[in-house]
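K.L.:
Sharing a structure with you now.
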Amino acid sequence: MNFLHAKNLKPNGLPIIISKLNLLLVFMLVFSFANQANSQINVSTAYNIDIRDAKTNIHAEHLKLGGTNLNDDKISVNNYYISINDKPIIPITGEFHFSRYPNKYWDESIKKMKAGGINMIATYVFWNIHEETEGKFNWSGDRDLHKFIELCKQNNIYAIIRIGPFCHGEIRNGGIPDWMLGKPFSIRSNNPGYLFYVERFYGEIAKQLKGQFFKDGGPILGVQIENEYQHSASPWGLTYPGQPYDWTASERDLALTQQGVGISEKLNPYAELGNDHMKVLKSIAIKEGIEAPLYTATGWGNAAIIPNESLPVSAAYAYPTWTTKKDISPFFIYKDLHKNPDYSPVRYTPEDYPVFAAELGSGIMSTYSRRPIVPAESMDALINRCIGSGANGIGYYMFHGGSTPKGEHYFSDEAYAYPKISYDFQAPIGEYGQIRPSFHRLKLLHFFLNDFSDLLAPMVTVLPENNIEIKPNNINSLRFAVRVKDGSGFLFINNFQDDTIMTDKKDIQIKMKTSTGEILIPERKRFSLKNEENAIFPFNFNLNGAILNYATAQLLMKGDDPVNPFYVFFVLAGNTAEFSFVKNNSIAVKNISQCKIEKTANRIFVECPENGISEFTVSSKNGPHTNILVIEKKLALKSWIAMIQGKKHLILSDVLVLQNNESFEMYDQTEKGYDFFVYPRLKSLAQINSGTITSDNKSSILSHFIVTHPEINLLLKTKRIDEKRIIVPIPSEKSKDINDIFVTIDYLGDTGMGFNNGNLVTDEFYKGIPWQIGLKRFMDRPEAKEMNLYFRPIYKDAPFLVDLNPKIIASINIFPKVKINKIDYTIEYKSIITFSK
């Protein structure tokens with residue numbers, strides 16, 4: 001099952017020598033004229049950008065944020081970025097709601113998020129889940145906040161707790177308990193009666209988190225106060241069909257309260273009261289013991305913040321369900337977010353705060369009437385655009401899906417017509433822990449940010465002159481931006497736009513005017529960018545003493561070994577990678593494998609192929625020999641970063657790779673087994689807990705290991721009751737070699753529901769894609785022997801048809817209709833691998 005073809009690992013063949021001199025002379029003459037012509041065409045048609053005046057005005061005296069811990073670690077914040085021990089960082093925050101996932105699998109999920117490059121987890125603390133009945137708090141089982149944060153600490157990942165009181169989160173009342181509606185005061189206000197209950201709730205949270213804050217050596221770096229305050233709200237769940245929404249907002253703010261994230265042009269006459277309420281909530285939180293170096297507030301759409309005491313975070317949802325129809329969004333066009341945030345106007349001065357895009361729609365929640373599908377290609381395109389536009393913090397809502405727990409009296413937010421249980425969100429990690437294509441696309445950017453954020457964070461955004469003319473429906477213009485500091489930086493290019501198809505961009509060449517002269521990217525060959533793709537290229541990059549003028553390959557990660565450092569780049573489909581180095585007496589490029597080298601008076605060019613794997617070494621008098629590994633993008637999508645015997649390595653494999661201290665948990669969904677490659681090569685042997693592992697040392701670049709699974713005979717057979725009902729068996733025992741069993745239902749219908757012993761345990765809104773259910777959480781229940789699936793038929797006048805693929809609608813010749821096309825079972829195998837010392 002080797003996913004690297006053997007031909008990609010062979011050394012280059014010898015060049016063919018042409019013996020006929022006259023033919024060679026003719027060829028050289030033609031080649032010379034062609035180069036001159038191409039050079040003239042390239043320069044005259046190059047895209048231009050001027051970065052000579054790029055400057056930042058970084059200051060921090062106005063911000064009352066930051067702090068130290070018991071180990072003298074320091075968090076600092078200026079108006080441009082966050083630092084840990086004076087090193088700039090870019091937080092990569094993934095939203096994961098602990099109370100929406102079985103606590104037995106929290107550790108596995110946290111490891112999955114970390115394997116995907118997430119370095120901070122945000123989680124809501126839903127008030128109504130913990131105090132559904134007034135005065136009775138529940139922090140047990142899947143509600144155990146202390147356990148969840150402790151697992152974050154054990155996995156060395158930071159946390160942000162979103163404590164409300166109002167959260168939204170597509171949960172009933174936005175997290176406000178039902179019984180609060182019966183109190184004689186207005187919620188989300190400074191009314192003493194309301195603040196009494198908030199203080200009690202905050203106090204209970206503080207008890208659960210004692211010793212877990214950054215100042216105590218814990219992982220909690222940030223606290224979000226409230227959510228979208230004076231911007232939006234949820235409807236009270238205590239409502240009637242057809243009744244206008246009764247918003248969970250302060251009475252004074254009802255007139256300007258809106259549904260969902262959006263632009264709010266009107267200024268709230270009670271804005272100062274809103275900011276003051278946020279200050280009051282923060283003071284209560286600190287009084288109760290909820291104290292962190294960072295406080296955040298959702299600042300989009302004129303929402304309230306705590307001026308100079310909270311970071312106003314931004315959002316971008318390209319596929320909203322709270323609009324009546326599809327619309328082409330502005331979120332894939334570069335802008336200077338430090339001056340002009342998304343969903344402007346805002347209530348704060350943007351230049352006073354770093355850009356933290358904390359709610360980027362990595363998926364979306366389905367409603368009964370709107371069910372858009374969020375393509376995987378949109379997610380990394382959105383992150384590329386946000387980083388290129390100046391974001392120094394990114395966050396996903398959601399990164400990990402879940403299932404809303406059933407309370408004693410209610411399900412989820414039924415007033416908004418959400419699924420009663422499913423909170424899959426089409427997230428990179430699904431409701432049952434499934435790893436989706438978007439996960440792999442996003443991790444390429446996360447690995448880059450984790451290794452190079454100290455360089456990127458201080459860089460300012462520069463846009464080409466024509467950028468202001470580019471509109472979302474313009475599918476032809478090249479969209480690009482630069483982030484730069486002191487003449488060094490990164491070129492960002494995006495060729496994705498939601499709800500339309502961009503043209504493939506060909507023959508791209510970009511000319512930068514810098515303070516030290518012009519840079520042409522690339523100098524020789526041009527490059528292309530296909531529809532739905534994006535790229536980040538370095539320029540004037542200091543590569544351990546060697547100056548890389550540019551590369552038309554994207555940085556993935558770097559190795560930290562000071563003796564044997566390495567960098568990994570990947571090549572975009574349809575291109576070769578061109579590396580241009582400043583030629584001088586101190587630089588040497590050698591040990592070429594699969595690449596070509598050419599030297600001119602001022603340059604050393606290295607060209608690496610689009611496919612397979614190649615490598616070369618760069619050295620200078622002022623730095624060590626540095627290996628450069630170049631891989632094709634489809635291999636980069638299979639990459640995992642690992643620490644093996646204290647040194648950083650890259651693993652390439654189709655399977656999910658989770659590091660657990662010195663061992664690796666490998667999750668595979670094929671019956672025969674899998675293989676994986678390790679870079680740099682290992683001298684140690686590998687052992688496996690079950691099955692077999694062998695090594696294949698044909699490659700001089702990579703270590704290659706082949707794994708086979710033990711044979712498992714698992715007979716699963718569904719039973720068809722009628723058109724609408726199917727019985728899915730649930731195995732009573734699970735082998736130690738099985739991590740999960742997924743059942744995938746390819747169907748046509750309106751909604752689906754799954755019952756276990758008469759209780760609704762899962763549900764689904766049809767979107768035109770298969771419904772997948774993970775069975776392991778039900779296998780853990782001794783009483784769960786089968787799941788009964790019930791489907792509602794699709795109707796001709798259903799409101800969500802606007803979001804379905806027209807081909808699906810055209811295929812339906814009879815309404816109403818339910819059709820079960822196919823049901824498959826997939827076993828997810830688990831093996832544990834260690835490497836000998």
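K.L.:
Is at least one residue of segment 256-275 crowded, with 23+ Cβ neighbours inside 10 Å and over 31 Å from the mean Cα position of the chain (by Cα)?
P.N.:
yes
K.L.:
Surrounded by 15 or more Cβ atoms within 10 Å (Cβ to Cβ) and among the polar types (S, T, N, Q), is that true of Asn476? Reasoning before the result, please.
P.N.:
Values: surrounded by 15 or more Cβ atoms within 10 Å (Cβ to Cβ): no; among the polar types (S, T, N, Q): yes.
Against the criterion (surrounded by 15 or more Cβ atoms within 10 Å (Cβ to Cβ) and among the polar types (S, T, N, Q)), Asn476 does not qualify.
K.L.:
Hey, can you tell me all the residues within segment 493-506 that are touching a residue at least 24 places away in the same chain (Cβ under 8 Å) and over 23 Å from the mean Cα position of the chain (by Cα)? Outline the logic, then answer.
P.N.:
Step one: filter segment 493-506 for residues touching a residue at least 24 places away in the same chain (Cβ under 8 Å), giving 493-505.
Thr503, Asp504, Lys505 - these are the residues of segment 493-506 that are touching a residue at least 24 places away in the same chain (Cβ under 8 Å) and over 23 Å from the mean Cα position of the chain (by Cα).
K.L.:
Additional query: So how many residues does segment 450-469 have that are out of contact with any Lys or Arg (no Cβ under 6 Å at 6 or more places or on another chain) and in a loop (DSSP other than H, G, I, E, B)?
P.N.:
In the first step, residues of segment 450-469 are kept if they are out of contact with any Lys or Arg (no Cβ under 6 Å at 6 or more places or on another chain); the result is 450, 452-453, 455-457, 460, 462-469.
Now drop any that are not in a loop (DSSP other than H, G, I, E, B), which leaves 457, 463-464.
Of the residues in that region, 3 qualify.
K.L.:
Can you tell me which of Ile149, Ile187, Ile205, Ile161 is out of contact with any strand residue (DSSP E or B) (no Cβ under 8 Å at 6 or more places or on another chain), of a type in the set (A, V, I, L, M), under 25 Å from Gly407 (Cα atoms) and touching a residue at least 12 places away in the same chain (Cβ under 8 Å)?
P.N.:
Working: Ile149 fails: out of contact with any strand residue (DSSP E or B) (no Cβ under 8 Å at 6 or more places or on another chain); Ile205 fails: out of contact with any strand residue (DSSP E or B) (no Cβ under 8 Å at 6 or more places or on another chain); Ile161 fails: out of contact with any strand residue (DSSP E or B) (no Cβ under 8 Å at 6 or more places or on another chain).
Among Ile149, Ile187, Ile205, Ile161, only Ile187 is out of contact with any strand residue (DSSP E or B) (no Cβ under 8 Å at 6 or more places or on another chain), of a type in the set (A, V, I, L, M), under 25 Å from Gly407 (Cα atoms) and touching a residue at least 12 places away in the same chain (Cβ under 8 Å).
K.L.:
Please return the ranges of strands (runs of 3 or more DSSP E) entirely within segment 681-794 where 3 or more residues are open to solvent by less than 60 Å² (accessible area, probe 1.4 Å).
P.N.:
Numbers: elements: 686-688, 692-695, 703-708, 725-729, 738-748, 751-756, 759-765, 771-774, 786-792.
Answer list for segment 681-794: 703-708, 725-729, 738-748, 751-756, 759-765, 771-774, 786-792.
K.L.:
Hey, any hits in segment 518-529 for a residue that's farther than 20 Å from Glu578 by Cα and either open to solvent by 10 Å² or more (accessible area, probe 1.4 Å) or assigned to a strand (DSSP E or B) (or both)?
P.N.:
Looking through segment 518-529, none of the residues is farther than 20 Å from Glu578 by Cα and either open to solvent by 10 Å² or more (accessible area, probe 1.4 Å) or assigned to a strand (DSSP E or B) (or both).
K.L.:
Do you know which of the residues in segment 797-826 that are open to solvent by 50 Å² or more (accessible area, probe 1.4 Å) and part of a helix (DSSP H, G or I) is farthest from Pro320 (Cα to Cα)? Lay out the reasoning, then the answer.
P.N.:
If we filter segment 797-826 for residues that are open to solvent by 50 Å² or more (accessible area, probe 1.4 Å), which is where we start, we get 797, 799, 802, 805-807, 809-811, 813-816, 819, 821-822, 824-825.
This time we only want the ones that are part of a helix (DSSP H, G or I), so: 799, 802, 806-807, 809-811.
Numbers: Pro799: 15, Val802: 13, Pro806: 20, Lys807: 22, Ile809: 22, Ala810: 25, Ser811: 26 Å.
This residue is Ser811.
K.L.:
Considering only residues that are open to solvent by less than 10 Å² (accessible area, probe 1.4 Å) and of a type in the set (A, V, I, L, M, F, W, C), look in segment 383-420 and name the one that is farthest from the chain's Cα centre (by Cα).
P.N.:
Ala391
K.L.:
Please specify each residue of segment 589-620 satisfying the condition of being closer than 18 Å to Asn549 by Cα and open to solvent by 40 Å² or more (accessible area, probe 1.4 Å).
P.N.:
Matches in segment 589-620: Lys590, Lys596, Ile597, Glu598, Lys599, Thr600, Ala601, Asn602, Arg603.
K.L.:
Is it the case that some residue within segment 603-615 is part of a loop (DSSP other than H, G, I, E, B) and under 18 Å from Leu543 (Cα atoms)? Quick ask: steps written out before the conclusion?
P.N.:
First, the residues of segment 603-615 that are part of a loop (DSSP other than H, G, I, E, B): 609-612.
From the residues that got through so far, the ones that are under 18 Å from Leu543 (Cα atoms) too are none.
Looking for residues that are part of a loop (DSSP other than H, G, I, E, B) and under 18 Å from Leu543 (Cα atoms), one finds none in segment 603-615, hence no.
K.L.:
Right, something else. Give the residue that is farthest from Leu456 (Cα to Cα), with candidates limited to residues of segment 31-62 that are in a loop (DSSP other than H, G, I, E, B), open to solvent by less than 90 Å² (accessible area, probe 1.4 Å) and modelled with pLDDT of 90 or more. Let's see the steps before the verdict.
P.N.:
Step one: list which residues in segment 31-62 are in a loop (DSSP other than H, G, I, E, B), which gives 46, 51-62.
Then drop every residue that is not open to solvent by less than 90 Å² (accessible area, probe 1.4 Å), which leaves 46, 51, 54, 56, 58-60, 62.
From what's left, modelled with pLDDT of 90 or more: 51, 54, 56, 58-60, 62.
Values: Ile51: 15, Ala54: 14, Thr56: 13, Ile58: 14, His59: 17, Ala60: 18, His62: 23 Å.
Result: His62.
K.L.:
Considering segment 644-665 alone, what residues qualify as being under 17 Å from Ser684 (Cβ atoms), touching a Lys or Arg at 6+ places or on another chain (Cβ under 8 Å) and open to solvent by less than 20 Å² (accessible area, probe 1.4 Å)?
P.N.:
Once the filter is applied, which keeps residues that are under 17 Å from Ser684 (Cβ atoms), touching a Lys or Arg at 6+ places or on another chain (Cβ under 8 Å) and open to solvent by less than 20 Å² (accessible area, probe 1.4 Å), segment 644-665 yields nothing.
K.L.:
Residues Phe490, Phe447: which one is touching a residue at least 12 places away in the same chain (Cβ under 8 Å) and assigned to a strand (DSSP E or B)?
P.N.:
Working: Phe447 fails: assigned to a strand (DSSP E or B).
Going through Phe490, Phe447 in turn, just one is touching a residue at least 12 places away in the same chain (Cβ under 8 Å) and assigned to a strand (DSSP E or B): Phe490.
The values are calculated or read from the model by the stated rules, or taken from the named source; none is laboratory data. Bear in mind that the values here come from a model prediction, so they are computed numbers and not experimental data. In this analysis, Cβ positions are derived from the backbone assuming ideal geometry, glycine residues included, and neighbour counts consider all displayed protein chains. Ligands, DNA and RNA are stripped out before the accessible areas are found, and what is left, the full protein with its side chains, is counted by its heavy atoms. Shrake-Rupley method; radii C 1.70, N 1.55, O 1.52, S 1.80 Å.
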